[in-house]
Amino acid sequence: MTPLVPNCVVVRVPGKVNLQLSVGPKEDDNFHGVVTVFQAISLFDDVTVVRGDSGTGISVQILGDHTHGVPSDGTNLSARAAALMCEKYDLPMDLSIEIKKSIPVAGGMAGGSADAAATIVAIDALFSLGLSRDEMHEIAAMLGSDVPFMLAGGTAVGRGRGDQVTSALSRGTYHWVLALSTAGLSTPAVYGECDRLRAGMDVATPHVNDQLLQALLAADPVALGKGLINDLQAAACSLRPALRLILDVGSEYGALGSIVSGSGPTVAFLVSDEDHALDLAVALTSSGVVGSVTRVSGPVPGAKIIDVR
């Protein structure tokens, strides 16, 4: 019997927080070497890829909670991922991509990168390519520094541009409260502000925080909260001063640790358990300084097929 050829694949993919983001000096190519510790969290986008009629090309439709500012043309990272795979594997370039977003846009949570990773997994399944994780990783790294991590999820260390990913040993579940902003921050702008703030300083080559990794291995949220670090936080707060007030409110209400995620403006508060998360979410909401609040946990797996039809 000939196996059924799928017409549609749905992939669920998480967002991320950076437990550590250490940024090295600006290099000759204007990029920065980084060392980061990623954790995938339970805030998801669903990406549906459907075979299109011949000649229809690649189309993108954006649905869900966070759609403002997401391109629906060929510049969308999912569309770029689809085009790259179609060209590389000689596939028909007629695909309909639907992205249902819950991950904030330009929020420092790798929403676009997550959608690109989901598209890679979906197209692999849609055309029965049978790609290995290494082959998917190679494609992912061509699309952006966060895309390789979003394939695997969990907890991992990223080096280089963040795209050289190795799994980190981590035990336990960690509870987070996220303060979401209605307007995003440009990653290049935040890096530019970081360079401005550090002008004339001797910036060290970044290295992984061993105490943070030990906290993850020991399943110790208190120690993890003390070890959170983000070299872009000062720059994000400089561009968006209200972030300092949000960080202060979270600390005042007993967060174990608080950090701007990635280039911001999402602020992540580590808490001890679900009850603590609820209490902090209520406090942040009533403070009036936060646009919206959500509770999540991590680590969770990366891009995962949830439907094939």
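The values are calculated or read from the model by the stated rules, or taken from the named source; none is laboratory data. Note that the structure is a prediction, hence the values are computed from the model and not measured. FYI the Cβ positions are ideal-geometry reconstructions off the backbone, even for glycines, and counts take in every protein chain you see. Accessible surface areas use protein heavy atoms only, side chains included; no ligands, DNA or RNA. Shrake-Rupley method; radii C 1.70, N 1.55, O 1.52, S 1.80 Å.
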Exercise. Given 37 °C and 0.692 mPa s, how large is the Stokes-Einstein diffusion coefficient of the stretch 1-123 in µm²/s, with Rh as the Kirkwood radius over Cα pairs?
Worked result: 209 µm²/s
Exercise. Between Ile306 and Thr75, what FRET efficiency comes out of the Förster formula 1/(1 + (r/R0)^6) with R0 = 22 Å and r the beta carbon distance, rounded to 0.05?
Worked result: 0.25
Exercise. Please report, for the Cα atoms of the stretch 69-156, the Rg to one decimal and the Dmax as a whole number; what are they, in angstrom?
Worked result: 12.4, 35
Seminar exercise, completed: If one compares the long axis through the Cα atoms of helix 274-287 with the longest principal axis of the Cα atoms of the chain, the angle in degrees, nearest 10, works out at 80 degrees
Seminar exercise, completed: So the angle from the long Cα axis of helix 242-252 to the longest Cα principal axis of the chain, reported in degrees to the nearest 10, equals 70 degrees
Problem set entry | Where N is the number of residues in the stretch 116-207, Cα Rg divided by 2.2 N^0.38 Å | 1.39
For this session: Determine the distance separating the Cα centre of the stretch 197-231 from the Cα centre of the stretch 259-303; give it in Å without decimals.
Result: 19 Å
Problem set entry | In sequence order, calculated HN-Hα J values of the stretch 172-181 (Karplus, 6.51, -1.76, 1.60; Hz; x Gly/Pro) | x, 10, 10, 9, 10, 10, 9, 9, 9, 9
Seminar exercise, completed: Counting only protein heavy atoms and rolling a 1.4 Å probe, one gets per residue an accessible area for the chain in Å² of 45 Å²
Exercise. Against the longest alpha carbon principal axis of the chain, how many degrees, from 0 to 90 and to the nearest 10, is the axis of helix 133-143 turned?
Worked result: 70 degrees
For this session: Take the solvent-accessible surface of the protein heavy atoms, probe 1.4 Å, and return the percent of it on the stretch 1-157 that carbon and sulfur atoms account for.
Result: 50 percent
Problem set entry | Stokes-Einstein translational diffusion, the chain - Kirkwood Rh over all Cα pairs, 0.692 mPa s, 37 °C, in µm²/s | 166 µm²/s
Exercise. Between Ser167 and Asn7, what FRET efficiency comes out of the Förster formula 1/(1 + (r/R0)^6) with R0 = 22 Å and r the beta carbon distance, rounded to 0.05?
Worked result: 0.05
Problem set entry | Length gained when the stretch Asp220-Asn30 is fully extended (0.36 nm per residue, less Cα-Cα span) | 64.7 nm
Problem set entry | Mean residue ellipticity (222 nm) of the chain, computed from DSSP H runs ≥ 4 via -39,500 (n - 2.57), nearest 500 | -10000 deg cm²/dmol
Exercise. Spin-label point model (7 Å from Cα, Cβ direction): what's the Glu135 to Asp273 distance in nm?
Worked result: 4.7 nm
For this session: Take the chain, connect every pair of alpha-carbon atoms lying under 10 Å apart with a spring to form a Gaussian network, then pick out the residue of Pro221, Pro148, Pro25 with the largest mean-square fluctuation.
Result: Pro25
Problem set entry | Stretch gain in nm, segment Arg159-Ala242, where the contour uses 0.36 nm per residue and the Cα spacing is subtracted | 26.9 nm
Exercise. Within the chain, how many lysine pairs that are 8 or more places apart, or on different chains, have C-alpha atoms less than 30 Å apart?
Worked result: 12
Seminar exercise, completed: Pseudo-spin-label distance His207 to Glu252, built 7 Å along Cα→Cβ, given in nm, is 3.9 nm
For this session: Find out how many positive minus negative residues lie around Leu216, taking Lys and Arg as positive, Asp and Glu as negative, among other residues whose Cβ is under 15 Å from that of Leu216.
Result: +1
